[in-house]
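Only one structure is covered here, and it is reproduced in the block below.
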Amino acid sequence: MAKAWKKTNLKLVYTYQNEDFKDCTKSKTYSYVAQNASDEKLYQVGEALASLQQYQLAEMQEIVVNVLSE
């Protein structure tokens, strides 16, 4: 069996309270992340992007998609 990298995405999850003071989440996914991007660089970019948003950053996720084949 072989595994081949297909893509990497960076997902930022934000928390906020709506007008009824209920806790809610929103997320934004960024595609086309370079395959060789280091965890440190992804974190720095995620922090920079989050600083431009009005909501509080709750979580940062690296999503790696690989293709399995025989």
Report summary line: Condition set touching a Lys or Arg at 6+ places or on another chain (Cβ under 9 Å) and surrounded by 13 or more Cβ atoms within 10 Å (Cβ to Cβ), scope the range 51-62, selection farthest from residue 17 (Cα to Cα): answer is 62
Query raised in the report: Which of the residues spanning the range 12-54 are farther than 23 Å from residue 68 by Cα, touching a helix residue (DSSP H, G or I) at 6+ places or on another chain (Cβ under 9 Å) and not aromatic (Phe, Trp, Tyr)?
Result: 12, 28
Query raised in the report: Name the pairs: first residue in the range 1-26 and open to solvent by 100 Å² or more (accessible area, probe 1.4 Å), second residue among the β-branched types (Val, Ile, Thr), Cβ to Cβ under 8 Å, at least 6 apart or on different chains?
Result: 3/67; 6/65; 6/67; 23/15
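The values are calculated or read from the model by the stated rules, or taken from the named source; none is laboratory data. Since the model is a prediction, treat every value here as computed from it, not as a measurement. Please note: Cβ atoms are built from the backbone with ideal geometry, for glycine as well, and neighbour counts cover all protein chains shown. Only protein heavy atoms, including side chains, enter the accessible area calculation; ligands, DNA and RNA are left aside. Shrake-Rupley method; radii C 1.70, N 1.55, O 1.52, S 1.80 Å.
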